[in-house]
Amino acid sequence: MSVSPQPAMPKSWRVESKPHKFCPGCGHGLVLKCLGEAIDELGIQDRVVFGCDIGCSLLSWDFFNCDSVQTHHGRTTPVMTGIKRANPDLICIAYMGDGGGYAIGVGGIVNAAARNEKVTVILANNTVYAMTGGQMSPCTMPGQKVETAPYGRDPEATGMPTQGPEMIAAITGEGAYVARGTTANLRQLKGYIKKALQTQMEGKGFSFVEALAACPTNWRTNAEKTWAFVEKEMPQYYKVGEKKNPFEVKKEAQQNG
């Protein structure tokens with residue numbers, strides 16, 4: 001008995017994709033999926049330059065069908081700033097982890113934010129230096145046990161975790177967009193990323209989105225505990241929401257006008 005061949009799928013239905021290179025359960029893939037969908041929905045793929053940092057984020061260097069560059073550790077924001085200044089028509093996106101953004105790369109982010117550079121920074125906060133084995137990062141939470149703090153992070157000895165979006169919201173000028181999302185709410189996270197990209201598209205100012213993400217490999221947690229940490233524990237310290245929104249300011253001005 002012969003089997004009839006299946007009809008070819010219409011081209012418009014095809015979705016080009018490939019598996020990511022991150023560990024099972026890693027939050028990076030979810031953050032990048034939100035970014036990719038936002039780029040597609042805004043129709044800006046041909047204008048995007050994607051820059052990624054050293055660390056786990058570097059595994060995204062060939063994730064998208066767009067121009068991309070991998071930078072030295074902590075230098076992604078300055079590199080994307082330079083590309084944007086050389087060609088203002090491009091949409092420049094810097095992608096990194098909390099180590100690359102808030103430790104070795106904090107100078108680049110702070111100065112770009114203070115100058116209100118027209119670039120977009122997306123930072124995955126998984127509370128550890130993941131690629132090197134789970135050492136304490138700027139975002140390791142108080143009491144959280146990691147390789148270099150086996151008894152838990154002690155704020156008396158190491159300070160409190162970095163509140164990145166709150167810091168950036170305080171130093172950016174008018175027109176900047178700043179938010180913290182979570183991989184526990186992908187629809188909301190994608191919405192924040194779209195607003196960040198729209199901020200750059202309209203030339204308003206610096207845009208920054210931090211995404212709370214999982215690292216079960218280095219947290220040494222099963223699926224249930226991983227999800228509980230991302231969904232319940234992390235937001236207790238890292239408050240999810242928009243910290244600065246130029247679109248709301250414009251809306252209020254129109255209503256008051």
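The values are calculated or read from the model by the stated rules, or taken from the named source; none is laboratory data. All of these numbers come straight from a predicted model, not from anything done at the bench. Reconstructed Cβ throughout: ideal geometry from the backbone, glycine too, with neighbour counts over all protein chains shown. For the accessible areas, the whole protein counts, side chains as well, though only heavy atoms, and no ligand, DNA or RNA atoms are used. Shrake-Rupley method; radii C 1.70, N 1.55, O 1.52, S 1.80 Å.
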Q. From the residues in the stretch 170-208 that are hydroxyl-bearing (S, T, Y) and in a helix (DSSP H, G or I), which one is farthest from the chain's Cα centre (by Cα)?
A. T199
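Per-residue answers, yes or no, for (1) crowded, with 24+ Cβ neighbours inside 10 Å; (2) in contact with a Phe, Trp or Tyr (Cβ under 8 Å, 6 or more places away or on another chain):
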{"residue": "A113", "(1), (2)": "yes, yes"}
{"residue": "A130", "(1), (2)": "yes, no"}
{"residue": "Q135", "(1), (2)": "no, yes"}
{"residue": "K145", "(1), (2)": "no, yes"}
{"residue": "P150", "(1), (2)": "no, no"}
{"residue": "M160", "(1), (2)": "no, no"}
{"residue": "M167", "(1), (2)": "no, no"}
{"residue": "G191", "(1), (2)": "no, no"}
Q | Filter result for the condition that a residue is without any contact (Cβ under 8 Å) to a residue 24 or more places away in the chain, touching a helix residue (DSSP H, G or I) at 6+ places or on another chain (Cβ under 9 Å) and over 21 Å from K195 (Cα atoms), over T158, T127, T140, T148 | A | T140
Q. Failed condition for G203, given (1) surrounded by fewer than 22 Cβ atoms within 10 Å (Cβ to Cβ); (2) closer than 16 Å to H28 by Cβ, with all others met?
A. (2)
Q) Do we find that A214 is small (G, A, S) and in contact (Cβ under 8 Å) with a residue 40 or more places away in the chain in this structure? A) yes
**Q.** Tally of residues being open to solvent by 10 Å² or more (accessible area, probe 1.4 Å) and closer than 17 Å to F247 by Cα across the stretch 173-189
**A.** 4
**Q.** Considering residues of the stretch 159-169 that are in a loop (DSSP other than H, G, I, E, B) and not β-branched (V, I, T) only, the residue farthest from R47 (Cα to Cα)
**A.** G159
**Q.** Where a residue in the stretch 106-122 is at pLDDT below 95 and its partner, wherever it lies, is open to solvent by less than 10 Å² (accessible area, probe 1.4 Å), with Cβ under 7 Å and at least six apart
**A.** none
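Conditions (1) part of a helix (DSSP H, G or I); (2) buried (at least 19 other Cβ atoms within 10 Å of the Cβ); (3) touching a helix residue (DSSP H, G or I) at 6+ places or on another chain (Cβ under 7 Å); (4) among the β-branched types (V, I, T), marked per residue:
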residue	(1), (2), (3), (4)
G25	no, no, yes, no
C34	yes, yes, yes, no
A38	yes, yes, yes, no
D46	yes, no, no, no
V49	no, yes, yes, yes
S57	yes, yes, yes, no
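Examine the stretch 225-241 for a residue that is free of Cβ contacts under 8 Å to residues at least 40 places away in the same chain, over 28 Å from C92 (Cβ atoms), assigned to a loop (DSSP other than H, G, I, E, B) and open to solvent by less than 70 Å² (accessible area, probe 1.4 Å), and state whether such a residue exists. I'd like the intermediate steps shown before the answer.
Here is the first cut: in the stretch 225-241, the ones free of Cβ contacts under 8 Å to residues at least 40 places away in the same chain are 225, 228-229, 232, 236.
Restricting the remaining residues to those that are over 28 Å from C92 (Cβ atoms) gives 225, 228-229, 232, 236.
Right, trim to assigned to a loop (DSSP other than H, G, I, E, B) and you get none.
The answer is no, given that none of the residues of the stretch 225-241 is free of Cβ contacts under 8 Å to residues at least 40 places away in the same chain, over 28 Å from C92 (Cβ atoms), assigned to a loop (DSSP other than H, G, I, E, B) and open to solvent by less than 70 Å² (accessible area, probe 1.4 Å).
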Q: Please specify each residue of the stretch 89-111 satisfying the condition of being surrounded by fewer than 24 Cβ atoms within 10 Å (Cβ to Cβ) and in a loop (DSSP other than H, G, I, E, B).
A: D89, L90, A103, I104
